[in-house]
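The values are calculated or read from the model by the stated rules, or taken from the named source; none is laboratory data. Predicted model only: the values in this text are computed from it and were never measured. Cβ placement follows ideal geometry from the backbone for every residue including glycine, while neighbour counts extend to all protein chains displayed. Side chains included, ligands, DNA and RNA excluded: accessible areas come from the protein's heavy atoms. Shrake-Rupley method; radii C 1.70, N 1.55, O 1.52, S 1.80 Å.
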Amino acid sequence: MKVTVGGSLKLAFRPWVEGLEHIPAEGPAILASNHLSFSDSFFLPAVLDRKVTFIAKAEYFNTPGVKGRLTAAFFKGVGQLPVDRSGARGAGEAAIKSGIEVLERGELFGIYPEGTRSPDGRLYRGKPGGLARVALATSAPVIPVAMIDTEKIQPPGKVMPKLMRPGIRIGEPLDFTRYQGMEHDRFVLRAVTDEVMYEIMKLSGQEYVDMYATAMKRQIAEAAKAEKEAGKAAKAALAQAEKEQAAKEKEQAAGEQAERDRSAERPDGR
């Protein structure tokens, strides 16, 4: 990854980095980043000397076909961990367990607290389950990371990236050992998550939205569906109006023709 893909990314896109000194040379740490693009999981590991293990959705590993096999081979090759998201609670527990195992090996664990990519470039509320529970269970420091402009390089749905220079800002490690043993207290989990998100916001300069990105995506999808249905209804109404107008014009033309026929039958032509 670092020699081939990572080297090519750095050569082609020339990402700038601030705060590399905050990444420990050894030992466990959690990299908590905002999530703007699919390419985030490539740019961040590419600029670090150490390996970063991310959680990846299981679809990347079990999609059929040639493309699916190539994708699975790539993600396995770079050490990413598949998590089945079909059952929300089961998926969350699997992600937490996987993160803890990575950190217990003394490695870097990457996580996106928002849980999904931002739909509009803004920073959304962090989900308290994964990040906070892993941090409190392992006592590993949490290092906030801000990806800059990666959504402009590869917007959602776009296959070919745009050549431009992204940025990565790495903040100072956050210590949450004061909450040791409180990983099942939902108020503590929320406090830890919010503190991390606040640091990410300061690093990224993004507008913060106090709602989950998944909820915003649902709203956007529902609005798009409603707009589509409204468009279909408007087209149907227009078609019906045109049909009624055509029938009216036809009826009027028939009446005018009948009047001309009756006039032609009168002796005086009137």
| query | What about E227, is it modelled with pLDDT of 85 or more, out of contact with any helix residue (DSSP H, G or I) (no Cβ under 7 Å at 6 or more places or on another chain) and more than 30 Å from I168 (Cβ to Cβ)? | reply | yes
| query | Hey, among E227, E199, E195, which residue is open to solvent by less than 60 Å² (accessible area, probe 1.4 Å), under 30 Å from P156 (Cβ atoms) and of a type in the set (D, E, K, R)? | reply | E199
| Of all residues in the stretch 101-124, how many are more than 18 Å from D40 (Cβ to Cβ) and charged (D, E, K, R)? | 4
| query | Are there any helices (runs of 4 or more DSSP H) wholly within the stretch 3-69 with 3 or more residues that are among the hydrophobic types (A, V, I, L, M, F, W, C) and on the phi < 0 side of the Ramachandran plot, and if so which? | reply | 7-13, 40-46
| query | Taking the stretch 193-234, which residues are more than 15 Å from P144 (Cβ to Cβ) and not in a helix (DSSP H, G or I)? | reply | E207, V209, D210, M211, Y212
| message | Which residue is most open to solvent (accessible area, probe 1.4 Å), if the candidates are limited to the stretch 173-192 and must be assigned to a loop (DSSP other than H, G, I, E, B), over 24 Å from G19 (Cα atoms) and of a type outside the set (A, V, I, L, M)? | response | H184
| Hey, D185 hits all of (1) within 14 Å of P128 (Cβ to Cβ); (2) over 19 Å from the mean Cα position of the chain (by Cα); (3) touching a residue at least 40 places away in the same chain (Cβ under 8 Å) but one; which does it fall short on? | (3)
| said: Condition first: under 23 Å from A135 (Cα atoms) and aliphatic (A, V, I, L, M). Now tell me which residues in the stretch 37-52 satisfy that. | reply: L44, L48, V52
